[in-house]
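Asks: Here it is: the structure, laid out below.
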Amino acid sequence: MNTLKKQIVGFLFAGFSANVISFIVYVLFYKIFNFSIISSSIFGQCLGVFTNYAINSRIVFRKNLGLKMKTIYCSYYGLSIFFVGLFIEALINMGIEYRISWLIAILSISILNFIFVKFLAFKN
């Protein structure tokens, strides 16, 4: 398997792992702790980003980021998390069930995240 295919598969694994954690936290905060949709989404996404970075930096791209790139990485994902929360909220307001809304938002942002991670954050 060539490098790009390995990276895509690894990125998908990292994303899947991060999103399982994100989704569990999202549902717990929304349904159990009665947080708002956007707060629940943000908490879940933050834990997902930490998981994603750990897997991508250690396993997929095998590269630790310097301070400047970590700052850019966190800023990018911070904005991404915020917009995912807004997107989920908008989908729910359109009558889409909260779990389906989460899935649509996550799938949409995943493409942009791979482009960012592959070609900006962990570029060779």
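The values are calculated or read from the model by the stated rules, or taken from the named source; none is laboratory data. Every value quoted in this text rests on a predicted model; they were computed, and no experiment measured them. Quick reminder, even Gly has a Cβ in these numbers, built from the backbone with ideal geometry, and neighbours come from all protein chains shown. Note: accessible area is taken over every heavy atom of the protein model, side chains too, but ligands, DNA and RNA are not part of it. Shrake-Rupley method; radii C 1.70, N 1.55, O 1.52, S 1.80 Å.
Asks: Would you be able to tell me the number of residues in the range 81-103 that are open to solvent by 60 Å² or more (accessible area, probe 1.4 Å) and part of a helix (DSSP H, G or I)?
Replies: Of the residues in the range 81-103, 9 are open to solvent by 60 Å² or more (accessible area, probe 1.4 Å) and part of a helix (DSSP H, G or I).
Asks: For the range 104-123, give me the residue count where each residue is among the charged types (D, E, K, R) and either closer than 15 Å to S39 by Cβ or open to solvent by 90 Å² or more (accessible area, probe 1.4 Å) (or both).
Replies: 1
Asks: Sort out which residues of the range 51-71 are of a type outside the set (G, A, S) and either in contact with a Ser or Thr (Cβ under 8 Å, 6 or more places away or on another chain) or surrounded by 15 or more Cβ atoms within 10 Å (Cβ to Cβ) (or both), and write them in order of number.
Replies: Correct list: T51, N52, Y53, I55, N56, V60, F61, K63, N64, L65, M69.
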